[in-house]
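Have a look at the structure below, then the notes.
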Amino acid sequence: MSGSSTVAVGTAAVAGLGSGPGRRRLRVPFLLGIVGTAYLCVFFVIPLVSGLIVSLMSGNPDDGYTFTWNFGIYSSLFVDPQVPYLTFLLRSLWYGLAATIVTIAVGYPVAYFIAFRVSARWKNPLLMLVFISFLVSFVIRTDMWAFVLASQGPVVTTLQAIGLAGKDFHILGTSGAVIFGNAYNDLAFMVLPIYAALERIDPRLGEAAHDLYAGKFRAFWHTTLPLSRSGIFAGVLLVFIDCVGDPVNSALLGGTNTYTIGQAIQDAYSGNQQYNVAAALSTVLMVVLGIILFIYARVSGTDDLEDLV
């Protein structure tokens, strides 16, 4: 076949792909990409830019706010001795980290048990038990947790009855109550991605590790745990971000010494109508979380995160 004939055949083939079913198949992911991009623009980019613009305004609730490129608000937030926003931010990061560790310690064994230790017929019912608390409002769940941890609640009274706590012992109003409240409310967000990652692991890999004279712990440490890393990564993202910015648990379960950045943002916006301060605090929180999660992603790696999709 001559060179001109080859070129003609190739041109005809390309033209055929552009007008037939192949073109329609290529159009579907393009259209889905447009929908996803539009969703992100409307519900993420526009609110993010709007918040940044509001943070650069000057004024007060009585006279209104005007855009003045007020970048000085960001430095003034962390030098005001009367309102220690930096302390609130660091406290929120600590609560988020502690709650994330608790959910991993509790959620991983639960996900492992459901994935490997029960028959297929019981997996869905057990997963439903994990998520059944989500059928109740978040605020109601937290309020009931406050009842459980109250001084006259079942936890404290039981500890006092068996002699492990004194008469003045209390849990409600402490950092521990806030941390465990966050962990309780977000436990399912850790269980599900870890379970999804464990479910994809071929059980023959564990059998191969045992055939190579690896004990149960060593086989788990070198086989199961690394292969479930993507689930742990996804769970950490969901739990840590939610806990750091949450104002509900610290308000209902904590006290004056557990005030968080989430409460500061809520009070600045709703209570004091300091819209520029609330927007600036939100922007700082998002930047700090973005830096932390970027470092975490670089250290832990995200090569196998697409396995959960």
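Let me spell out the model: positive unit charges on the Cβ of Lys and Arg, negative unit charges on the Cβ of Asp and Glu, origin at the Cα centre of the range 165-309. What dipole size does that give, in debye rounded to 20? Can you show the working numbers first?
Working: 7 positive and 13 negative charges, 66 e Å.
It works out to roughly 320 debye.
Counting only Cβ charges, +1 for Lys and Arg and -1 for Asp and Glu, the dipole size of the chain around its Cα centre is about 1020 debye. Our analysis of the range 216-258 gives Rg over Rh at 1.29, with the two radii drawn from alpha carbon positions and Rh computed by the Kirkwood formula. Out of all Cα-Cα pairs in the chain, roughly what percent, to the nearest whole number, are more than 33 Å apart? Counting every Cα pair in the chain, those more than 33 Å apart make up 46 percent. In the chain, a dipole from Cβ-located charges (positive for Lys and Arg, negative for Asp and Glu) runs towards its positive end, and of VAL118, PHE44, THR256 it is VAL118 whose Cα lies farthest in that direction. Approximating the spin labels as points 7 Å out from Cα along Cα→Cβ, the TRP122-to-THR87 distance works out to 5.0 nm. For VAL248, VAL79, the ranking by accessible surface with the largest value first comes to VAL79, VAL248, using a 1.4 Å probe.
What length, rounded to one decimal in nm, is gained on full extension from LEU293 through to ARG200, with 0.36 nm per residue of separation minus their alpha-carbon distance? It would help to have the intermediate numbers written out before the result.
Details: separation 93, 0.36 × 93 = 33.48 nm, distance 2.51 nm.
This chain segment gains 31.0 nm when fully extended.
If you take all other residues with their beta carbon under 13 Å from the beta carbon of THR224, and give Lys and Arg +1 and Asp and Glu -1, the sum is +3.
You can think of it this way: the chain between SER58 and VAL35 has 4.7 nm of extra reach, that is 0.36 nm per residue less the Cα-Cα gap. Electrostatic tally near TYR95: other residues with Cβ closer than 12 Å to its Cβ, Lys and Arg +1, Asp and Glu -1, net -2. Computed over the alpha-carbon pairs of the range 200-296, the distance histogram in 5 Å steps reads 2, 11, 15, 14, 12, 9, 8, 8, 7, 6, 5, 2, 1, 0 percent, short to long. Considering only ILE73, PRO109, VAL277, and ranking their Cα positions along the charge dipole of the chain that arises from unit charges at the beta-carbon of Lys, Arg, Asp and Glu, the one farthest toward the positive end is PRO109. The accessible area of VAL287, taken with all protein chains in place and a 1.4 Å probe, comes to roughly 80 Å². For the range 49-57, 3J(HN,Hα) computed residue by residue from phi via the Karplus equation (6.51, -1.76, 1.60; θ = phi - 60°) reads 5, 4, x, 5, 5, 4, 5, 8, 8 Hz, glycine and proline entered as x.
The values are calculated or read from the model by the stated rules, or taken from the named source; none is laboratory data. Since the model is a prediction, treat every value here as computed from it, not as a measurement. As a convention, Cβ positions derive from the backbone with ideal geometry for all residues, glycine included, and neighbour counts pool all protein chains shown. SASA here: full protein model, heavy atoms, side chains in, ligands and nucleic acids out. Shrake-Rupley method; radii C 1.70, N 1.55, O 1.52, S 1.80 Å.
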